[in-house]
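The structure appears right after this line, and notes come after that.
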Amino acid sequence: MYSIKDIISLSRTQDSHTNMPVIGITTDAAGEDFLVRQKYVEQVHRAGGVAMLMPPVDNAVLMRQQLMNVDAVIFTGGGDHNPLWMGEEPVAQLGTINSLRDHYELPLCLMAYGMNMPMLGICRGMQTMAIALGGHVCQHISTNIKHSQQAPKNEPTHMVSIADGSMLAGIMNTTDLPVNSFHHQAVDMTGTRFRPVAHAADGIIEAMESAEHRAAMAVQWHPEQMADSGLPLFKWLAEEARVYHRAKKLHREFVTLDSHCDTPMLFSKGADFLTDNGIALYDINKMDDADLTAAAMVCYLPQPKDGKQFRECVDFDIQTPAEYADLIFDRIEDICQKSERVMIAKNTADLALAHKQQNHAIMLGIENGLALDGQIEKLQHFYDRGVRYMTLCHNGDNDICDSARGIHSHGGVSAFGHRVIEEMNRLGLIIDLSHAGEQTFFQTVETSQKPVVCTHSNCRALCDHPRNLTDEQMKTLAEAGGVMQLTLYAGFLRDDDQQASVCDFIRHMKHAVSIMGIDHVGIGSDFDGDGGVSGAANAAELLNITCHLIKAGFSDTDIEKIWGGNFMRIMHLHGM
């Protein structure tokens, strides 16, 4: 036994245990008590985690506060779910339901998923995750295999087959696993966010894992009761919790900056940054979930085609591109004045202040030099408004330069375009060459007296799209001190029929680093401009990128550079 003196001494010891992840365990609610099997806690501790019990509450603020204090969640076993959650009447075999647990765990699961938190579901917990996230649970199974054994809990009574190549097969190091079984309900549809990865001989789904490259998994058996044979699942969760904790810590330590978002395109549909109304992929609630400091919100100006006037291409009653840009920036200013939690950032000091105050910052950008209305003095006007970068063109040639999707009207940069480059350099307005044609790209890099950026482009070597940069362009950009911000637009990540994912983004990032070096890459999501892939589908999921960067071997310093450090160096060089 420890003496009181020993305990005090141990509490002051600084060793590897200070990095143990905190793993929340949901509890049962029975009468006056909140209960959890001791085996859950024992397995968490054996796996290197610290267990924290999470009793059910029906208050969203308290739920979020619980989640803010853990690095992963285990949804535990227990009684049946109320079938009304699935729009069904109860069958005769329905067992005891627990209203308090349902009202707590289903929204808690949604909340944890939105925060990218690692999750492990066990038995009822697997069913909880399925119901909460778009799947379906069969109220009572009836097959030739007994799924509710009378044998001791640590006794395996039937076999499950695990999909070869699945995450679960790698964790358990086998595709055939003997398991215990204590259930009469089962997931019969996992929904799109999960895929079934283990089945019993009768076809019952025995395990599911994330289909979106997240740390989310569930099993129908009870690994907490199976000692060493069940421990690998808890070790997996503890390791994922360590990664998650490190990612959250990094996002809280330095400014994180997404260099390109098109949310202002959705102002006419009701987007406003301040509310999560389901319209936009960006709002301050999602930024809270990802601990994201800042995003560059651009005024996107479509390039008129087929003889249309610009006013016919936008949703507001305006006449010229410059008027439209001013309208968008007026809206952003109005939004920022409504909340103390979001500000317009004009320089790196503003970004640092927003981070220090744990608030959010919006940088202003223009996507398409069409906004100038052909008037060079408009650059001064927009700079004075707070605009800090301008994408020279979009998907079509304009009076400044040729686009990657244009018809080579100027053979690169026009005479007016060269004046624009010179004036942008004088003002300290960053030149963005995403969307630029190759001739435009090389001519601009050669002409500009300051480093340029590509705020949302990927690698042509991995996806042969004219909007992506060739290795030669990437080398040239890096040699000139510039930065390439990789994007989450699916069409720039893969050129086959496969769904693009966060893993494809990491593949492009690794290639870009290999060509350009770690000092010349960053992230520009292009959210609300068709950006978003599986595993990084909105602003709340951007933390998942950091988790994948950690798993890919990037250091803390590397990640700081990727998540805004490199872009802010460009800002410094432009006097911001």
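The values are calculated or read from the model by the stated rules, or taken from the named source; none is laboratory data. For clarity, every value in this text was computed on a predicted model and none was experimentally measured. Virtual Cβ from ideal backbone geometry, glycine too; neighbours counted across all protein chains shown. Just so you know, the surface numbers come from the protein's heavy atoms only, side chains and all, with ligands and any DNA or RNA stripped out. Shrake-Rupley method; radii C 1.70, N 1.55, O 1.52, S 1.80 Å.
Net length available on complete extension from T557 to I318 is 81.4 nm, with 0.36 nm assigned per residue and the Cα-Cα distance removed. The label-point distance for A151 and H408, in a model that sets each label 7 Å from Cα toward Cβ, rounds to 7.3 nm.
Only lysines eight or more places from K450 in sequence, or on another chain, were considered; those with a Cα closer than 22 Å are K346, K378, K475, K561. Put simply, the amide H of H222, placed in the peptide plane, has neighbours under 5 Å in N180, leaving out anything fewer than 5 places away on its chain.
Computed with a 1.4 Å probe on the full set of protein chains, the accessible area for H103 sits at about 90 Å². Each residue of segment 525-532 is assigned a 3J(HN,Hα), and the resulting list reads 5, 6, 4, 6, x, 5, x, x Hz, derived from the Karplus form 6.51 cos²θ - 1.76 cosθ + 1.60 (θ = phi - 60°), x at Gly and Pro. In a DSSP loop and with at most 12 other Cβ atoms within 10 Å, there are no trypsin sites (Lys or Arg not before Pro) in segment 203-291. Net charge in the neighbourhood of T26 (other residues with Cβ under 11 Å of its Cβ; Lys, Arg +1, Asp, Glu -1) is 0.
With the simple spin-label model, which puts each label point 7 Å out from Cα in the Cβ direction, the E88 to E340 separation comes to 4.9 nm. Accessible surface for M63 stands near 10 Å², nearest 10, in the context of the full protein assembly shown (1.4 Å probe). Of the beta bridges in the chain, as assigned by DSSP with both residues counted there, near 35 percent are antiparallel.
Once backbone amide H atoms are built at 1.01 Å from N, E367 has C299, Y300, L301, T391 as its partners under 5 Å, excluding neighbours fewer than 5 places away on the same chain. Just to verify a number: FRET efficiency for Q38 and D530, C-beta to C-beta distance, R0 = 45 Å, to 0.05? Approximately 0.35, to the nearest 0.05. Let me see the P(r) profile for segment 423-470: every Cα-Cα distance counted, bins of 5 Å, each bin given as a percent of all pairs. Going out from 0 Å in 5 Å bins, segment 423-470 shows 5, 23, 27, 24, 12, 6, 3, 0 percent. Charged neighbours of Q139, selected by a Cβ distance under 11 Å, balance to -4 (K, R count +1; D, E count -1). Where both bridge residues fall in segment 446-576, DSSP classifies roughly 20% of the beta bridges as antiparallel. Toward the positive end of the charge dipole of the chain, with +1 on the Cβ of Lys and Arg and -1 on the Cβ of Asp and Glu, the farthest Cα among P152, A169, G386 is that of P152.
Please find the FRET efficiency linking L274 to A163, where r is the Cβ-Cβ separation and R0 is fixed at 60 Å, and quote it to the nearest 0.05. Once rounded, the FRET efficiency stands at 0.90. Selection among P90, G31, H418 by position relative to the dipole of the chain gives G31 as farthest towards the positive end (Cβ unit charges, Cα centre). The dipole here belongs to the chain: it is taken about the Cα centre, uses +1 on the Cβ of Lys and Arg and -1 on the Cβ of Asp and Glu, and is about 1280 debye. Summing charges over all other residues whose Cβ lies under 15 Å from the Cβ of G575, with Lys and Arg as +1 and Asp and Glu as -1, gives +2. For segment 318-468, DSSP calls about 20 percent of its internal beta bridges antiparallel. Calculate for the chain the 222 nm mean residue ellipticity that helices alone would give, adding -39,500 (n - 2.57) per DSSP H run of length 4 or more and normalising by residue count, nearest 500 deg cm²/dmol. Helix-only estimate at 222 nm: -10000 deg cm²/dmol. Cross-link reach is defined here as a Cα-Cα straight distance under 23 Å, omitting same-chain residues fewer than 8 places apart; for K269 the lysines meeting it are K286, K308, K338. Here the 3J(HN,Hα) profile of segment 186-197, calculated from phi with Karplus coefficients 6.51, -1.76 and 1.60 at θ = phi - 60°, is 7, 6, 10, 9, 7, x, 6, 7, 10, 10, x, 10 Hz, Gly and Pro shown as x.
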